[in-house]
Amino acid sequence: MPVLAQIFAALAAILHVVIFVFESVVWSKPTVWKRFGVASQADADVVRPMAFNQGFYNLFLAVGIFVGLILGGEAGDAIVVFACLSIVGAAFVLATGGKKYFRPAVVQGITPALALVFAAFA
């Protein structure tokens with residue numbers, strides 16, 4: 001896998017670790033749940049179990065990328081590609097939620113999409 005693809009994949013993984021921290025570790029802070037469009041502490045409390053679970057999905061995708069990058073070779077590259085495709089797919093799903101989700105979808109999906117482009121044209 002080309003170095004540029006590895007760099008963008010690693011950036012995607014780092015972002016998803018940060019998202020994990022927001023959703024699963026520090027969700028109870030108003031500055032965090034407001035970033036996700038949650039209107040009140042009561043709503044944040046209701047959404048907390050879903051956010052906690054979703055955070056771990058993001059962490060597992062990040063771990064997949066890191067493991068793939070460490071393994072290298074065909075198997076490692078396949079893991080990185082799979083995780084990046086999963087993130088890009090999730091970004092597309094997020095974008096279907098309406099205009100307010102377009103920016104977060106781009107933030108979530110651009111680095112893994114660039115990793116895939118650089119990997120494909122190596």
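Regarding Ala75, is this residue modelled with pLDDT of 95 or more, among the aliphatic types (A, V, I, L, M) and surrounded by fewer than 13 Cβ atoms within 10 Å (Cβ to Cβ)? Steps first, answer last, please.
On the way: modelled with pLDDT of 95 or more: yes; among the aliphatic types (A, V, I, L, M): yes; surrounded by fewer than 13 Cβ atoms within 10 Å (Cβ to Cβ): yes.
Answer is yes for this residue.
Working carefully through the options Phe52, Phe118, find the one that is touching a residue at least 24 places away in the same chain (Cβ under 8 Å), out of contact with any His (no Cβ under 8 Å at 6 or more places or on another chain) and under 30 Å from Val3 (Cα atoms).
Values: Phe52 fails: under 30 Å from Val3 (Cα atoms).
Testing whether each residue is touching a residue at least 24 places away in the same chain (Cβ under 8 Å), out of contact with any His (no Cβ under 8 Å at 6 or more places or on another chain) and under 30 Å from Val3 (Cα atoms) leaves just Phe118.
The values are calculated or read from the model by the stated rules, or taken from the named source; none is laboratory data. Values in this document were obtained by computation on a predicted structure and should not be read as measured data. Using ideal geometry, Cβ is built from the backbone for each residue, glycine included, and neighbour counts are taken over all protein chains shown.
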